[in-house]
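First comes the structure, then the notes that go with it.
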Amino acid sequence: MGKSEVPAEFGIVGLGPVRLTVVRAAPTERVLTELMGYRKKGQYASEAAGQPDIVVFETGEGGSGSEVHLEERDDLQQERQGIGAVHHVAFRVEDEAELRAWIGKISSAGLVNSGYVDRFYFKSLYFREPNGILFELATDGPGFDTDEPLDRLGERLALPPFLEPKRERIEAGLKPI
């Protein structure tokens, strides 16, 4: 698959846990457990002196890719969006039917949300949990391989149709990697 110079045995196959740092953990914990179905798995000591333990939550079959580590810190300034900041945390939903069910669930919980968002490659719902972190629920598909053959995947910048008229400007602003 693809033309990567990285041997398959050294390729990235997943990411580790998500770590959320908040001023007050309890409201975020309620969203994770009561709304999103996460369960408390354990905890470990914070590296910051005088701060509570970091609590680990997991979903599904568990494992590092299914974990959220929730860190309560009252000694930090409120974060601001900018270079190097994380914009949002994405959580997987299987398909559009599941996403639409989540839209109802999030709305019923009283959380302001984006409603259904069509991103062409996937469908999404965005909402902020009580500490202000932006959560995204996103479908698996249709996927990024919908507009180019698998053996050429990644050779060219893929854009959804609504951005094609801006291709030249977008490509001009990209730095080679």
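What follows draws every value from the coordinates through simple rules; no lab data is involved. The model shown is predicted, which means the values in this text are computed figures rather than measured ones. Glycine gets a Cβ as well: all are built from the backbone with ideal geometry, and neighbour counts include every protein chain shown.
Using a 10 Å cut-off around each Cβ, can you sort Phe122, Phe10 from fewest to most neighbouring Cβ atoms?
Ascending Cβ contact count within 10 Å gives the list Phe10, Phe122.
Projecting each Cα onto the charge dipole of the stretch 11-78 (Lys/Arg +1, Asp/Glu -1 at the beta carbon, about the Cα centre), which of Val56, Leu15, Tyr38 comes out farthest on the positive side?
Going by the Cα projections, it comes out as Tyr38.
How large is ³J(HN,Hα) for each residue in the stretch 98-112, as worked out from phi by the Karplus curve 6.51 cos²θ - 1.76 cosθ + 1.60 (θ = phi - 60°), to whole Hz, x for Gly and Pro?
My calculation for the stretch 98-112 gives 5, 4, 5, 5, 5, 4, x, 5, 5, 5, 5, 6, x, 8, 4 Hz in order.
Just need the Rg to Rh number for the chain, please, alpha carbons only, Kirkwood Rh.
Over the Cα atoms of the chain, Rg/Rh equals 1.00.
Quote to one decimal, in nm, the extra length available between Ala109 and Glu155 on full extension: 0.36 nm per residue of separation minus the C-alpha distance between them.
Extending this stretch completely gives an extra 12.3 nm.
For a Förster distance of 45 Å, can you work out the FRET efficiency between the beta-carbons of Gln43 and Glu168, rounded to the nearest 0.05?
FRET efficiency, Gln43 to Glu168: 0.30.
Given 0.36 nm per residue, what is the gain on full extension from Val23 to Asp95 after removing their alpha carbon distance, in nm?
Extra length from Val23 to Asp95 when fully extended: 22.6 nm.
Of the candidates Arg119, Arg24, Arg167, which one comes out as most mobile in a Gaussian network treatment of the chain with C-alpha springs shorter than 10 Å?
Maximum among the listed residues: Arg167.
Quick one: dipole size for the stretch 11-78, taken about the Cα centre, charges +1 on Lys/Arg Cβ and -1 on Asp/Glu Cβ, in debye to the nearest 20.
140 debye
Work out Dmax and Rg for the stretch 81-177 from the C-alpha atoms and quote the Rg first, both in angstrom.
Computed over the Cα atoms of the stretch 81-177, radius of gyration and Dmax are 16.0, 45 Å.
Counting only residues 5 or more places away or on other chains, whose amide H sits under 5 Å from the amide H of Tyr38 once H atoms are built in the peptide plane?
Result for Tyr38 returns Thr33.
Which log10 I(q)/I(0) values does the stretch 11-78 give at q = 0.18, 0.24, 0.27, 0.28 Å⁻¹ under the Debye formula, counting every alpha carbon as one identical point scatterer?
-0.68, -1.05, -1.22, -1.27
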